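Okay, so here's the structure we're looking at.
The values are calculated or read from the model by the stated rules, or taken from the named source; none is laboratory data. The structure presented is a predicted model; accordingly, all values stated were derived computationally and were not measured. Quick reminder, even Gly has a Cβ in these numbers, built from the backbone with ideal geometry, and neighbours come from all protein chains shown. Areas reflect the complete protein model, heavy atoms only, side chains present, ligands, DNA and RNA absent. Shrake-Rupley method; radii C 1.70, N 1.55, O 1.52, S 1.80 Å.
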Amino acid sequence: MEVYCGIDWAEDHHDIALVDRDGQLLARRRIGDDAAGLAALLELLAGHGDGPDDPVPVAIETPRGLLVACLRATGRPVYPVNPMAVARYRDRHSIAGRKSDHGDAVVLAGVLRTDRHAHRPLPAGSELAQAIAVLARAQQDAVWDRTTAHNKLRSHLREYYPAFLTAFAQARGGILRPEARAILAAAPAPADAARLTLAQLRALLKKAGRSRGIDTEAARLREAFRAPQMRQLPLVEQAMGRQALALLGQLDAACAAAGDLEQAVTQSFNLHPDAGIITSFPRLGALTGARVLAEIGDDRSRFQDAKGLKAYAGAAPITRASGKSRSVTHRRVKNNRLNAAGYIWVFAALTASPGARARYDRRKDAGDRHAAAQRNLFARMLGCLHHCLLTGQHYDEATAFPATDHKLPQAA
């Protein structure tokens, strides 16, 4: 007998529903979010024919959490269903807008009963790949947090401390540089910066890790901080300085988290068997490669072909046709993390791969904008990556772009 399980997830409890292939409700239960609840769920499944050779498939609205991890560890297929899709399925059961936790569990079980073929189970990735995914996503979040904290601090400094922004405007990294953050911590207001001596500036630069051109840089900063500028009222300036210190603390924490996680994810990624293949691609380093591996996983059966991987990454276009109307647009529903990593990857590859550069230029000459040309190149690179991972071979420029000139373009 075919049995399907739906789980309506909540923070402290879960509603379970089991239905057969005819849609008849076989069992319902509410379990707690603990080991006892998991044991009750497994007992309920075992009582309805669940076994190692024919496990009951499970549909749930979230792809993560302890319950999902434990269900995956048992070897059963787990299907995460988007809550928006569940809402559409719910309308098939009731047009009155009725909703309950038990009802949602029944709806989820019905999704598998009728449309299991249209949904994709969670991939059966290795433990190392799952660990890399955790670290890579956390590091990517830390980078995004760092960017947010940097933008907040920069916007705040523009309100009362433009001389500080000007002093580090030409330096790579700007106020993200360690010396910039060290000086801002010591002099959070223009009046404080104007009182800094050459000896104090040299000490701050050394403390931040600078070892060359310290005297020249200290003299330049002293001149920049003492140049005439517009100022806030003294008390307002002091208050804004305190706020800057608070924002600086957030930026320092984000920078430290991004750096620590980068080291951790790089070490884990280098241990993975696919690391050599992934990093053989032009300008796909360990960090960006770890982000790519985190999203595609190492389950070779996850994508039936390269087209599926391209669609998952948002590199494949969408065609909408109705009658005489036909439009081709870029894909908006995609894995945003993989898409962001791909943008960094292919942009860097333009200077390292003559074939990639030639393909990008051809798309631009054909009328594509920069983003569209990069998406097309990203799709090509993903196709090559999918083939290399399946066959276990490293990237080869001549095979990937056989009809292109392998001379790098001259710098302008």
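Quick notes on this one:
- The distance linking region 208-272 with region 9-54 is 53 Å (Cα centroid to Cα centroid, whole angstrom).
- Projecting the Cα atoms of Ala358, Val111, Ala315 onto the charge dipole of the chain (Cβ charges, centred on the Cα centre) puts Ala358 farthest toward the positive pole.
- Compared with the dominant Cα axis of the chain, that is its longest principal axis, helix 286-296 is turned about 20°.
- For region 267-412, the relative contact order is 28 percent, taking Cα pairs closer than 8 Å that sit 6 or more residues apart in sequence and dividing their mean separation by the residue count.
- Angle of helix 127-160 to the longest C-alpha principal axis of the chain, folded into 0 to 90 degrees and rounded to 10: 40°.
- Of His102, His93, His386, the one that fluctuates the most in a GNM where the chain has Cα springs shorter than 10 Å: His93
- Net charge in the neighbourhood of Cys70 (other residues with Cβ under 15 Å of its Cβ; Lys, Arg +1, Asp, Glu -1) is -2.
- Relative contact order of the chain, pairs being alpha-carbon contacts under 8 Å that are 6 or more residues apart, as %: 13
- Label positions at Arg172 and Ile344, each projected 7 Å from the Cα along the C-beta direction, are separated by 1.6 nm.
- Heavy-atom accessible surface of the chain: percent carbon and sulfur, 1.4 Å: 51
- Surrounding net charge for His150, when Lys and Arg each add one and Asp and Glu each subtract one, Cβ distance under 13 Å: +4
- Subset of Lys99/Lys310; Lys152/Lys207; Lys99/Lys152; Lys324/Lys364; Lys99/Lys307; Lys307/Lys364 violating a 32 Å alpha-carbon distance limit: Lys99/Lys310; Lys99/Lys152; Lys99/Lys307
- For the pair Leu25 and Ala194, the difference between a 0.36 nm per residue extended length and the Cα-Cα distance amounts to 53.2 nm.
- Förster-model FRET efficiency, 30 Å R0, Ala87 and Glu2, C-beta, rounded to 0.05: 0.75
- Here the chain is treated with +1 on each Lys and Arg Cβ and -1 on each Asp and Glu Cβ, and its dipole about the Cα centre works out to around 2120 debye.
- Selection among Leu271, Ala246, Ala306 by position relative to the dipole of region 230-314 gives Ala306 as farthest towards the positive end (Cβ unit charges, Cα centre).
- With only Cα atoms counted, region 189-266 has Rg and Dmax values of 15.9, 48 Å.
- Of Leu233, Leu135, Leu108, the one that fluctuates the most in a GNM where the chain has Cα springs shorter than 10 Å: Leu233
- Amide N proximity, region 176-207 versus Arg226 label position 7 Å along Cα-to-Cβ, cut-off under 12 Å: 194-199
- Inter-label distance, Thr147 to Thr399: 3.4 nm, where each label sits 7 Å from its Cα along the C-beta direction.
- At a probe radius of 1.4 angstrom, the accessible area of the chain per residue rounds to 55 square angstrom.
- For the chain, the longest principal axis of the alpha carbon atoms and the long axis of helix 198-207 meet at an angle near 30°.
- Isotropic mean projected area of the C-alpha convex hull, the chain (nm²): 29.3
- With a cut-off of 14 Å between beta carbons, the residues surrounding Leu390 carry a summed charge of -1, where Lys and Arg count +1 and Asp and Glu -1.
- Magnitude of the charge dipole, region 249-390, Cβ model with Lys/Arg +1 and Asp/Glu -1, debye to 20: 1080
- Here each label is just a point 7 Å from Cα along the line to Cβ, and for Thr74 and His48 those points are 1.2 nm apart.
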